[in-house]
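The values are calculated or read from the model by the stated rules, or taken from the named source; none is laboratory data. For clarity, every value in this text was computed on a predicted model and none was experimentally measured. Every residue, glycine among them, receives a Cβ derived from its backbone with ideal geometry; neighbour counts consider all protein chains shown. Only protein heavy atoms, including side chains, enter the accessible area calculation; ligands, DNA and RNA are left aside. Shrake-Rupley method; radii C 1.70, N 1.55, O 1.52, S 1.80 Å.
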Amino acid sequence: MAGGCGYSTTSRTAKDIKSINVPFFENQTSEPNLELSVTDRIIQNLINDNTLKVVPEDQADAVLDGTITEFSNKPFSFNQDLNAEEYIVVIKVLITLFNRKTNEPIWQNRAIEGNGSYFIEQVENGRTFDDAVNESLEEITNQILNLTVQDW
């Protein structure tokens, strides 16, 4: 009975989606050039995954649109004098995947968040602000990759 349902365990994408375009995300935060880092990281993850081919928009089956809605850098832990020792970087995005052939969303307005932490006092081999940003971006791009290539 399951043989006729059209479900395939080998396909990780919708059958008619083989290529994708990722335009630069809109950056609604005050963090400069964040849209460049986010968009580049997503494209690189898609290329490395190799399930969907990243192509110009006019050749794409699907388009991944996104907006960076939040960038925050907040105290996370404090010492006994109540001075911040550790900070957490949080990046939030809102994304929609459109089917270009039907001009309909495959899924829309998915909120995704990534975070990473670092210490103010640079300890040898300690985590830095850049490490925390990279960890946040890695979380976001992995979640987007999973959403984008799963079997819808």
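Could you tell me which of GLY66, ILE91, ASN50 has its Cα farthest along the dipole of the chain towards the positive end, charges placed at Cβ (Lys, Arg +1; Asp, Glu -1), taken about the Cα centre? It is ASN50, whose Cα lies furthest towards the positive end. Loop-located GluC sites (Glu not before Pro) across the range 34-131 with a Cβ neighbour count of 12 or fewer within 10 Å are GLU121, GLU124, with loop assigned by DSSP.
Once R0 is set to 25 Å, what does the formula 1/(1 + (r/R0)^6) return for the Cβ-Cβ distance between GLU139 and GLN108, expressed as a FRET efficiency to the nearest 0.05?
Using R0 = 25 Å, I get an efficiency of 0.75.
On average, how much accessible surface per residue is there in the chain, in Å², for a 1.4 Å probe, leaving out ligands, DNA and RNA?
59 Å²
Count the lysine pairs in the chain whose Cα atoms sit under 24 Å apart, keeping only pairs 8 or more residues apart in sequence or on different chains. Counting lysine pairs in the chain gives 6.
Principal-axis analysis of the Cα atoms of the chain puts helix 34-49 at an angle of about 50° to the longest axis.
When the helices in the chain are scored as -39500 (n - 2.57) per DSSP H run of 4 or longer and the sum is shared across all residues, what 222 nm value do you end up with, to the nearest 500 deg cm²/dmol?
-8500 deg cm²/dmol
Could you grab the Rg to Rh ratio for the range 28-96? Cα atoms only, Kirkwood for Rh. With Rh from the inverse mean 1/r over Cα pairs, Rg/Rh is 1.17.
With the contact rule set at Cα under 8 Å and sequence spacing of 6 or more, what percent relative contact order holds for the chain?
Computed value for the chain: 22 percent relative contact order.
The tail of the calculated P(r) for the chain, taken as Cα-Cα distances beyond 24 Å, holds 42 percent of the pairs. If you plug the beta carbon distance of PHE24 and ALA84 into 1/(1 + (r/R0)^6) with R0 = 41 Å, you get a FRET efficiency near 0.80. Axis angle, to the nearest 10 degrees, between helix 129-149 and the longest C-alpha principal axis of the chain: 20 degrees.
With R₀ set to 22 Å, the beta-carbon distance separating LEU36 from LYS74 gives a calculated FRET efficiency near 0.40.
Computed from point charges on the beta carbon alone (+1 for Lys and Arg, -1 for Asp and Glu), the dipole magnitude for the chain about its Cα centre is near 860 Debye.
Under a point spin-label approximation (7 Å from Cα along Cα-to-Cβ), what is the ILE47-THR128 distance to one decimal in nm? Label-label distance for ILE47 and THR128, simple model: 2.4 nm.
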